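Remarks on the structure that follows.
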Amino acid sequence: MTMATGHLIAVVGSSPGVGKSTLCRALARRAAESGATVDHFEEADILSRPSFRPVAEEFADGSGGVRPGTLVESTREYVAKARAEGVDVLITDALLPFIPSLVAWGHEESAIAAVLAELADAVRPTRVTVVYLRDDPDTALRRAVEREGPDWVDWFVTKLGGSPGSRSVKDLASAAEHLRREEELTVRLLARTDWHVLSVDIGGRDARWTEQYVRENLPDL
């Protein structure tokens, strides 16, 4: 597989527990097996990758957020560096388009749309596919609790409820309602971009089904 400009595959989800990380690992493994040079950007990497050091520094300064311009410029540097190094496929876990973070930090829809337009410009000419994993928030949150344990609930609710754009979150029920609104926003905003968006309705299906479906709809993999 040879792609002069590369292919960034951003896997995002409507809720925790939809299988983003599992799918990213599977896609990265598959792309590598096909002969591609792959960079797998895991969700936690945003705090340690050199290109995103400005993001980590702003996030850690106690302000409770990161400037959109910092997200855009760090993304631009990351993708340009990968392109210069000849990386064929970038598999990213929740890296692009940052909508949940921007919502939590209190940005309105028009401002988030403007950030997405800047991100689209920042990553050109790299091709972008956004794989959007969707499931009923109540179901996905129950799955996350089963996986992480009961202490996760307090952590998640406190994290969401402590942000300016999601202060309505007080428990799992209000968290699910917040995630439903966020999903509606995400669908609208992604439709305005020129990125290829592959929306996958998980609907209780397992990780193997999800991987197969995505592979069938992403010919490069």
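Remarks
- Some residue of the range 95-109 being touching a Lys or Arg at 6+ places or on another chain (Cβ under 7 Å), among the acidic types (Asp, Glu) and either buried (at least 16 other Cβ atoms within 10 Å of the Cβ) or farther than 30 Å from residue 204 by Cα (or both): no
Residues checked against (1) aliphatic (A, V, I, L, M); (2) not in a helix (DSSP H, G or I):
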{"position": "21", "(1), (2)": "no, no"}
{"position": "28", "(1), (2)": "yes, no"}
{"position": "51", "(1), (2)": "no, no"}
{"position": "61", "(1), (2)": "no, yes"}
{"position": "69", "(1), (2)": "no, no"}
{"position": "72", "(1), (2)": "yes, no"}
{"position": "82", "(1), (2)": "yes, no"}
{"position": "95", "(1), (2)": "yes, yes"}
{"position": "102", "(1), (2)": "yes, no"}
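- Here residue 119 does not qualify as assigned to a strand (DSSP E or B) and closer than 24 Å to residue 190 by Cβ.
- When restricted to residues that are in a helix (DSSP H, G or I) and touching a strand residue (DSSP E or B) at 6+ places or on another chain (Cβ under 7 Å), the range 30-49 contains 3.
- If you check 197, 157, 169 for being β-branched (Val, Ile, Thr) and either at pLDDT below 95 or closer than 28 Å to residue 34 by Cβ (or both), only one passes: 197.
- Residue count for the range 164-217, restricted to those that are free of Cβ contacts under 8 Å to residues at least 24 places away in the same chain and assigned to a loop (DSSP other than H, G, I, E, B): 7
- Residue 96, sole failed condition from (1) in contact (Cβ under 8 Å) with a residue 60 or more places away in the chain; (2) over 24 Å from residue 194 (Cα atoms); (3) hydrophobic (A, V, I, L, M, F, W, C): (2)
- Scan the range 46-57 for residues that are among the charged types (D, E, K, R) and buried (at least 16 other Cβ atoms within 10 Å of the Cβ) and the total you get is 1.
- Test: residue in the range 147-154 that is among the aromatic types (Phe, Trp, Tyr) and on the phi < 0 side of the Ramachandran plot: yes
The values are calculated or read from the model by the stated rules, or taken from the named source; none is laboratory data. All figures in this text were calculated on a predicted structure; none of them were measured in a lab. Using ideal geometry, Cβ is built from the backbone for each residue, glycine included, and neighbour counts are taken over all protein chains shown.
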